[in-house]
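The values are calculated or read from the model by the stated rules, or taken from the named source; none is laboratory data. All values derive from a computational prediction rather than experimental measurement. Here the Cβ positions follow ideal geometry from the backbone for every residue, glycine too, while neighbour counts run over all protein chains shown.
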Amino acid sequence: MIMDKEKFEILAMDFMSGEMSHEAAEDFRQFLEKNPNYKEEYKQLESIWTKVDAMQTPDPSTEMDETFYGMLGQEIEKSKKKRGWNGIFSGFFTVLKPQLVYGVLLLGVGFLVGLYFNSQEAQPGEIMVSTDETADVRQKLVLTLLEQPSANQRLQGVSEANKIEDADNIVIQALLQTLNNDANVNVRLAAIESLTNYVDNPVVRQGLVQAIPHQESPIIQITLANLMVALQEKASIEPFKQLLKEKQVDTTVKKRIEKSIQSII
């Protein structure tokens, strides 16, 4: 049996949140049992959405808010001259080609082996350099994995990004690009989870807000709504209104977004 993707996401959300009637929940459970592919997709969706739904979002500082709104104002002015913003970062993905993945992996392995044999005589300064090199290798690995055709490899790329203590702007933009353009909803959800590690970064806040009106997936729309409520991000109100105006949003999702807007106001 084939089910519409958006309908499946909405049913999955209702099932996970316990908002289904007993009869509807039982029907959905039987549907999953009879359709292994959908059951596997549901398991992945549940795993990632549960993590995102439970995420702890820090309260933004006043100083960070001022910086964020300043940057957002500048971006709005730029958008008047040039429509869209996704193309700005597309060049990042031309740097690393998929065939370089094995080279990156070998580079990482070679580095770790060298670090092991030299660890006894390495000086503190040398260890710091080695740590920086490890971070650089991991960032390159993240960018390479996020370009792979396999959704599982791209998920691994997001997972690797979570291991970076202080992601640079290139990695952050790659995660935002993934949120906006990846074909797999689980990968996009994982990107949101990863980006919540950096919500004190005005670039991340700005990117999340700007991503709102471009989303087609109901579960992504709801996840961003929940996140903006947690952040009490007033800059997200207009993008949500734009989303409701320009997209054919499911009635259930529309009600949840409208409720989120009221919670932010």
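Filtered by the rule that a residue be touching a residue at least 60 places away in the same chain (Cβ under 8 Å) and under 10 Å from the mean Cα position of the chain (by Cα), region 178-211 gives N180, V185, N186, L189, A190, I192, E193, T196. Residue count for region 215-233, restricted to those that are outside any helix (DSSP H, G or I) and farther than 17 Å from N186 by Cα: 2.
Report yes if some residue within region 170-177 is in contact with a Lys or Arg (Cβ under 7 Å, 6 or more places away or on another chain), surrounded by fewer than 22 Cβ atoms within 10 Å (Cβ to Cβ) and assigned by TED's automatic domain parsing to the domain that holds V142; otherwise report no. No, region 170-177 contains no residue that is in contact with a Lys or Arg (Cβ under 7 Å, 6 or more places away or on another chain), surrounded by fewer than 22 Cβ atoms within 10 Å (Cβ to Cβ) and assigned by TED's automatic domain parsing to the domain that holds V142.
Residues in region 1-33 that are part of a helix (DSSP H, G or I), aliphatic (A, V, I, L, M) and over 20 Å from I257 (Cα atoms): A24, A25, L32.
Looking at I212, I170 in this structure, which one is on the phi < 0 side of the Ramachandran plot, modelled with pLDDT of 95 or more and part of a helix (DSSP H, G or I)? Being on the phi < 0 side of the Ramachandran plot, modelled with pLDDT of 95 or more and part of a helix (DSSP H, G or I) holds for just one of I212, I170, which is I212. Residues of region 235-265 being over 24 Å from A12 (Cβ atoms), acidic (D, E) and surrounded by 13 or more Cβ atoms within 10 Å (Cβ to Cβ), which ones? Residue satisfying the conditions is E238 alone. Residue under question is V158, and the condition is that it be touching a Ser or Thr at 6+ places or on another chain (Cβ under 6 Å), surrounded by 22 or more Cβ atoms within 10 Å (Cβ to Cβ) and modelled with pLDDT under 95; does it hold? Spelling it out, V158 is indeed touching a Ser or Thr at 6+ places or on another chain (Cβ under 6 Å), surrounded by 22 or more Cβ atoms within 10 Å (Cβ to Cβ) and modelled with pLDDT under 95.
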